[in-house]
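Inspection log for the structure reproduced underneath, given as structure tokens.
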Amino acid sequence: MIENENPVIARSLWSDTANPTPACPPLIGEAETEVAVIGGGFTGLSAALHLAEAGRRVTVLEAETPGWGASGRNGGQVNPGLKDAPDAIEARFGAQAGGRMVALSGAAGQLVFDLIRRHAIQCDAVQSGWIRAAHTPKAREELHDLARQWQQRGADVAPLSAQEIAEMIGTEAYCGGLSDRRGGNLHPLNYALGLAGAAQKAGAVLHGRSRATGLEKTAGGYRIATAQGTLTAEKLLLCTNGYTDGLMPPLARTVVPVRSVQVATDPLPENVLETLLPGLQAPSDSRRLLLYFRRDAQGRFIMGGRGAYSDGATRRQMAALRRVSEQMFPQLKGVRWGYGWGGFVAVTADHYPHLNRLGDGVLAGLGYNGRGVAMGTAMGRVMADWAMGKPDAELDFPITPARPIPLHGLRRLGVAATVTGYRLLDRLGV
Ligand SMILES: Cc1cc2nc3c(=O)[nH]c(=O)nc-3n(C[C@H](O)[C@H](O)[C@H](O)COP(=O)(O)OP(=O)(O)OC[C@H]3O[C@@H](n4cnc5c(N)ncnc54)[C@H](O)[C@@H]3O)c2cc1C
């Protein structure tokens, strides 16, 4: 179970199969560091690891334990790239900045697998590829065009026909798609715990159960208050994504936290596994309310989807995910579904992640729109580069001012209306 979480979404496969959590005692008393990192998910832990490896003094404050947020609860799909295709990113941000964003996001999956190898992180990582599955012919054409754009940039991405995708996934639910061989999947909580251990080994200090509750500007940086201590730092990295609280307004108003939910079966028998994702790829589909699914190392099937807010809606969504899984894969009928859990992803108005400067010496990195395993890891490295003094213009991701979303107070209504609209459009197949 995920500790200190609402019971409706706390029964997590990943927390039940986690490696031991590295010791992260709370901050007690006065401490001082060069860079303070708030939030111990992939973004904050990657930033801490990269800073510590470069010999910098870095301290992470995490409200619960490392990987407690989305990083320890997600689908574990390692997805390269951003939501838009490379040509669109370069057109929007210009050849130079856009080109860097394309390169960073395209290589983000490889960064994850390289870190896992370099630090011998035990997290069942397989670079088996990420499948994008088209639910309509229009989506298939878009995915084939996306594959072509990545191929032009030398990436190992290939278009898939209806027959190829049916053979790879084990269902005829999709009419084509693409295979991105830079991606794959892993045990997300064990990846986060492994990053935490590697950061500690490199010299980073990690404090769990240490929510940052107050910030005060000082002559040389910031003083950060927790329940039992105070940390003074020259620079501050905010890595709180869908769990961003009111610590530094207006950051919380730049993202909409949306609940993503997953369900998992018990380990499946060999004859079923032979017919279901035999190559262990991680597919996600082209619906607006996307479905993402995979197998884990013990042969469980895991299905996820987004959009529920209330507990009642979450229970209904878990039931719907089990139902749709059994429709897509009739061989799952009658299996036991042992787990159902969820967490918050951070959605942004433009569907891009953001690097926001929030004052002198403060940078926030967030808004992965449900794709932060690879991108959060990469963003953490960019944030470390910034904290070590790399000029803004040379960073691999542009820094922008924090722009609060208009009518943010009505976000719950907005999410509910958007989900209903998206569900309708998905059903109409447009
Ligand atoms: C169910 C689900 C499925 C998903 N599936 C995928 C997937 O398959 N592939 C993919 O790429 N992405 C997926 N995502 C998204 C991905 O998990 C996130 O984008 C990523 O984990 C974000 O990492 P992070 O470190 O930025 O934030 P988080 O991991 O959310 O960490 C933020 C941390 O900040 C801490 N915090 C907040 N406020 C404070 C404070 N004041 N003081 C101290 N600590 C604080 C929180 O406790 C939390 O641990 C999924 C997300 C969910 C919820």
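The values are calculated or read from the model by the stated rules, or taken from the named source; none is laboratory data. None of these values were measured; they are calculated from a predicted model. Don't worry about glycine lacking a Cβ; one is built from the backbone with ideal geometry, like all the others, and counts go over all protein chains shown. Just so you know, the surface numbers come from the protein's heavy atoms only, side chains and all, with ligands and any DNA or RNA stripped out. Shrake-Rupley method; radii C 1.70, N 1.55, O 1.52, S 1.80 Å.
Numbers below:
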| item | result |
| --- | --- |
| Pairs with Cβ under 8 Å, 6+ apart, first in region 135-154 and surrounded by 13 or more Cβ atoms within 10 Å (Cβ to Cβ), second of a type in the set (Lys, Arg) | His135/Arg287; Leu143/Arg132; Leu146/Arg132 |
| Looking only at region 7-42, and only at residues there that are more than 15 Å from the ligand (Cβ to nearest atom) and aliphatic (A, V, I, L, M), the one that is farthest from the chain's Cα centre (by Cα) | Ile28 |
| Residue match in region 175-188 (condition: closer than 15 Å to Gly41 by Cβ, in contact with a helix residue (DSSP H, G or I) (Cβ under 8 Å, 6 or more places away or on another chain) and assigned to a strand (DSSP E or B)) | no |
| Residues of region 361-384 that turn out to be in a helix (DSSP H, G or I) and either charged (D, E, K, R) or more than 9 Å from the ligand (Cβ to nearest atom) (or both), as a count | 5 |
| Top-ranked residue of region 1-38 - restricted to ones that are charged (D, E, K, R) and open to solvent by less than 60 Å² (accessible area, probe 1.4 Å), ranked as farthest from Ser260 (Cα to Cα) | Glu34 |
| Residues that are assigned to a strand (DSSP E or B) and more than 10 Å from the ligand (Cβ to nearest atom), drawn from region 189-226 | Val205, Leu206, Glu216, Lys217, Tyr222, Arg223, Ala225 |
| Those residues of region 346-367 which are open to solvent by 20 Å² or more (accessible area, probe 1.4 Å), in contact with a strand residue (DSSP E or B) (Cβ under 7 Å, 6 or more places away or on another chain) and under 27 Å from Asn185 (Cβ atoms), in sequence order | Val347, His354 |
| Search result, residues across region 230-263 that are under 22 Å from the mean Cα position of the chain (by Cα), surrounded by 24 or more Cβ atoms within 10 Å (Cβ to Cβ), more than 10 Å from the ligand (Cβ to nearest atom) and not in a loop (DSSP other than H, G, I, E, B) | Leu236, Leu237, Val263 |
| Which listed residue, of Pro66, Pro86, is within 12 Å of the ligand (Cβ to nearest atom) and buried (at least 21 other Cβ atoms within 10 Å of the Cβ) | Pro66 |
| Verdict on Ala162 being over 25 Å from Pro20 (Cα atoms), more than 13 Å from the ligand (Cβ to nearest atom), surrounded by fewer than 19 Cβ atoms within 10 Å (Cβ to Cβ) and in contact (Cβ under 8 Å) with a residue 60 or more places away in the chain | no |
